[in-house]
Amino acid sequence: MTRISVDTNALLAILYDDDVHSGPAEAALRDAYQRGRLVVAPVVYAELAADGHFEDVGALDEFLADMSITVTDPSREGLFRAATAFDVYTSRRPDGLQCPECGTERTVTCPDCGHDLSPRQHVAADFVIGGHALADGDELLTFDRSFYESYFPDLTVTR
């Protein structure tokens, strides 16, 4: 049976009835459910819990159960692949700010100390989601296709 990992963004689109992504997320999840088993990494569970939409563990567990989604731990192979991809990402990351849409780069200087600011645009959790999907699943359902295809080229990404 195909094992399909689900990214946080697909679930948030449904929870918040996002005008752009809600319909496609529902259709993609329905299709994925018909093709296989839906899973999320524990970090997706944590991101959903941190969002504030759920009152308690029981409410979040009920939501996932209603969606026929189970939480599965990443293997050590998945975690290693996540770390390897994160290392590539940090080595490519430019100094300063970069627009996630067009790629324009800007350098911003701290007004207090004069050092250039260089925030992260992706965090390690994103890479754990990708590593889990690659090593422990068959594909990833996400709305961040280009990011995952860039850092996990062997991963099948669906939307």
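At least 3 residues being of a type in the set (Ser, Thr, Tyr) and in contact with a strand residue (DSSP E or B) (Cβ under 9 Å, 6 or more places away or on another chain) is the threshold, and among the helices (runs of 4 or more DSSP H) wholly inside the range 30-99 not one reaches it. Residue count for the range 1-42, restricted to those that are surrounded by 15 or more Cβ atoms within 10 Å (Cβ to Cβ), polar (S, T, N, Q) and over 15 Å from the mean Cα position of the chain (by Cα): 1.
Of the set (1) within 27 Å of VAL20 (Cβ to Cβ); (2) at pLDDT 95 or above, all apply to SER75 but (1).
Condition check: at pLDDT 95 or above, polar (S, T, N, Q) and within 23 Å of HIS21 (Cα to Cα). Does THR142 satisfy that? Considered against the rule, which asks whether it is at pLDDT 95 or above, polar (S, T, N, Q) and within 23 Å of HIS21 (Cα to Cα), THR142 comes out as yes.
The values are calculated or read from the model by the stated rules, or taken from the named source; none is laboratory data. Remember, predicted model here, so these are calculated numbers, not experimental data. When we count neighbours, we look across all protein chains shown, and the Cβ atoms used for this are built from the backbone with ideal geometry, even at glycine.
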